[in-house]
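Beneath this line is the structure, given in structure tokens, with notes to follow.
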There are 2 protein chains.
Amino acid sequence: MKIKTERLSIVLASGGLDSAVTTAIAAKEGRVALLHANYGQLTEARELKAFNAIADFYDIKERLTIDIEHLRRIGGSALTDPSIAVPTGDVDSKAVPVTYVPFRNAHFLASAVSWAEVLKADSIYIGAVEADSSGYPDCTREFFLAFQTAINTGTKPETKITIKMPLIDMTKAEIVRLGVELNAPLELTWSCYKDSEVPCGNCDSCLLRLRGFNTAGVRDPITP
Amino acid sequence: MKIKTERLSIVLASGGLDSAVTTAIAAKEGRVALLHANYGQLTEARELKAFNAIADFYDIKERLTIDIEHLRRIGGSALTDPSIAVPTGDVDSKAVPVTYVPFRNAHFLASAVSWAEVLKADSIYIGAVEADSSGYPDCTREFFLAFQTAINTGTKPETKITIKMPLIDMTKAEIVRLGVELNAPLELTWSCYKDSEVPCGNCDSCLLRLRGFNTAGVRDPITP
């Protein structure tokens with residue numbers, strides 16, 4: 001009799017709406033390990049709390065929280081440099097916004113790949129969204145496909161790891177509906193870039209989230 | 001009159017032979033910023049000392065030392081997990097050795113790209129060697145070309161950063177000869193994987209280095 005080894009996936013989880021729904025998708029497929037990154041973002045502690053609450057909800061024991069504190073020292077983003085204001089209300093601009101953290105997702109993916117290679121996980125899930133988003137270059141399908149080739153060439157010949165981005169072409173409203181359908185714990189998530197007690201409602205991340213809930217006709221459980 | 005802005009390059013520098021020669025090459029081309037990574041490697045403090053000595057030699061003020069301590073926690077390598085012995089004397093094996101740190105160069109490159117994007121540097125130099133080396137998958141031209149595409153797609157449209165790997169096809173003997181020709185401070189470098197006082201002479205890194213110096217007919221200034 002052949003012993004079937006259970007599939008293991010790593011999910012990159014910030015603790016926001018998108019990563020909670022992505023965790024729900026991955027948890028249906030098999031065993032999940034959750035990876036979270038602190039990188040000096042303004043809401044670092046609040047995001048970590050949301051991450052752990054989501055991990056508890058899915059009873060996920062394998063968690064890795066990493067500190068990429070050099071992203072704070074490198075700066076260049078409103079999320080990591082307190083002297084750059086977090087913009088409000090310009091969510092439909094075509095330019096890359098100042099909340100872009102330079103090449104951040106490459107750091108997250110590199111960490112997920114190193115961990116996946118040691119754990120022998122075969123997938124890395126990331127809840128990136130391309131169209132209905134802030135327009136970060138490291139959130140595009142094109143970037144993830146390029147990074148996939150870097151994984152294929154830069155790891156051991158026997159290592160096979162696939163990046164999965166199930167939300168990449170979805171709208172926020174579709175993500176909200178999918179989250180509700182999968183019973184994802186949306187009440188435990190945190191999306192606000194600025195505040196950690198009550199969501200500000202004005203930053204890009206709050207605006208995109210609220211528009212998604214409104215369009216889906218669902219009440220956002222964390223909105224006061 | 002057009003003002004010519006001086007070119008800025010970032011050099012990834014461990015403090016070893018290859019990165020010292022790479023720093024010498026980059027320093028001839030223009031202004032240099034040096035990036036070093038601690039990642040729980042056995043000789044972490046000794047490498048950092050060599051890195052700073054090389055930076056002092058070239059009078060480089062812009063230095064960034066980062067801590068990728070999660071590579072130590074992720075483990076899976078003889079360099080970061082003390083329970084895995086550093087092998088000796090098998091430098092011509094075709095298999096990926098246990099000193100391979102999973103996907104390490106992707107972490108180094110991600111950090112260099114983030115820093116380059118903020119500093120507006122146009123090049124990232126890395127002293128990787130493909131043929132006359134330990135056979136790490138993340139030290140191959142193929143990997144760097146794939147990562148280049150990830151940079152092109154994952155950074156701002158106006159960002160133009162090129163990975164340069166001037167040693168990729170050289171033998172260790174050629175690197176030693178080039179270092180001597182460029183007056184690189186080979187006496188300040190450190191290559192040993194195991195020891196921090198006197199090089200062990202037996203690990204892959206010592207063996208490759210010593211073979212390079214011997215073939216080049218140059219005395220290694222750090223050999224007792």
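Tabulated data
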{"quantity": "Residues of region A:178-224 classified as crowded, with 23+ Cβ neighbours inside 10 Å and small (Gly, Ala, Ser), total", "calculated": "5"}
{"quantity": "Subset of region B:59-72 [surrounded by fewer than 19 Cβ atoms within 10 Å (Cβ to Cβ) and more than 23 Å from B:Cys203 (Cβ to Cβ)]", "calculated": "B:Asp59, B:Lys61, B:Glu62, B:Arg63, B:Leu64, B:Thr65, B:Asp67"}
{"quantity": "Residues of region A:140-163 classified as more than 8 Å from chain B (Cβ to nearest Cβ) and crowded, with 17+ Cβ neighbours inside 10 Å, total", "calculated": "5"}
{"quantity": "Every residue from region A:201-224 that is in contact (Cβ under 8 Å) with a residue 24 or more places away in the chain and part of a loop (DSSP other than H, G, I, E, B)", "calculated": "A:Asn202, A:Val218, A:Asp220, A:Pro221, A:Ile222, A:Thr223, A:Pro224"}
{"quantity": "Failed item, numbered, when B:Ile175 is tested on (1) within 26 Å of B:Gly212 (Cβ to Cβ); (2) in a loop (DSSP other than H, G, I, E, B)", "calculated": "(2)"}
{"quantity": "Region B:80-137: number of residues that are small (Gly, Ala, Ser), without any contact (Cβ under 8 Å) to a residue 12 or more places away in the chain and closer than 18 Å to A:Ala106 by Cα", "calculated": "2"}
{"quantity": "Residue check, B:Ile175 of a type in the set (A, V, I, L, M) and surrounded by fewer than 18 Cβ atoms within 10 Å (Cβ to Cβ)", "calculated": "no"}
{"quantity": "Test: residue in region A:131-149 that is of a type in the set (A, V, I, L, M), under 29 Å from A:Ala53 (Cβ atoms) and at pLDDT below 95", "calculated": "yes"}
{"quantity": "Matching residues in region B:109-139 - criterion: being within 28 Å of A:Val96 (Cα to Cα), touching a helix residue (DSSP H, G or I) at 6+ places or on another chain (Cβ under 8 Å) and either of a type in the set (D, E, K, R) or crowded, with 19+ Cβ neighbours inside 10 Å (or both)", "calculated": "B:Leu109, B:Ala110, B:Ser111, B:Val113, B:Ser114, B:Trp115, B:Ala121, B:Asp122, B:Ser123, B:Ile124, B:Tyr125"}
{"quantity": "Qualifying positions in region B:116-133 - in contact with a Lys or Arg (Cβ under 9 Å, 6 or more places away or on another chain) and either within 8 Å of chain A (Cβ to nearest Cβ) or part of a loop (DSSP other than H, G, I, E, B) (or both)", "calculated": "B:Glu117, B:Ala121, B:Asp122, B:Ala128, B:Val129, B:Glu130, B:Asp132, B:Ser133"}
{"quantity": "Filtered residues of region A:15-32 (kept if closer than 24 Å to A:His70 by Cβ and either without any contact (Cβ under 8 Å) to a residue 40 or more places away in the chain or touching a Leu at 6+ places or on another chain (Cβ under 9 Å) (or both))", "calculated": "A:Gly15, A:Ser19"}
{"quantity": "Residues of region A:84-97 satisfying the condition of being among the hydrophobic types (A, V, I, L, M, F, W, C) and surrounded by 15 or more Cβ atoms within 10 Å (Cβ to Cβ)", "calculated": "A:Val86, A:Val91, A:Val96"}
{"quantity": "Tally, over region B:25-82, of residues that are within 14 Å of another protein chain (Cβ to nearest Cβ) and among the aromatic types (Phe, Trp, Tyr)", "calculated": "1"}
{"quantity": "Residues located in region A:17-64, provided they are acidic (Asp, Glu) and over 21 Å from A:Ile168 (Cα atoms)", "calculated": "A:Glu44, A:Glu47, A:Asp56, A:Asp59, A:Glu62"}
{"quantity": "Positions within region A:138-173 being of a type in the set (Asp, Glu) and either touching a residue at least 24 places away in the same chain (Cβ under 8 Å) or in contact with a Phe, Trp or Tyr (Cβ under 6 Å, 6 or more places away or on another chain) (or both), in sequence order", "calculated": "A:Asp138, A:Asp169"}
{"quantity": "Flag if A:Asn183 is outside any helix (DSSP H, G or I) and away from chain B (no Cβ under 11 Å)", "calculated": "yes"}
{"quantity": "Selected residue [at pLDDT below 95 and at the interface with another protein chain (Cβ under 9 Å from one of its Cβ atoms)] from B:Val113, B:Val101, B:Val96, B:Val86", "calculated": "B:Val96"}
{"quantity": "Count of region A:43-85 residues which are under 17 Å from A:Ala33 (Cα atoms) and assigned to a loop (DSSP other than H, G, I, E, B)", "calculated": "5"}
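The values are calculated or read from the model by the stated rules, or taken from the named source; none is laboratory data. These numbers come from a predicted model, not from an experiment. Here the Cβ is made from the backbone with ideal geometry for all residues, glycine too, and neighbour counts use every protein chain on show.
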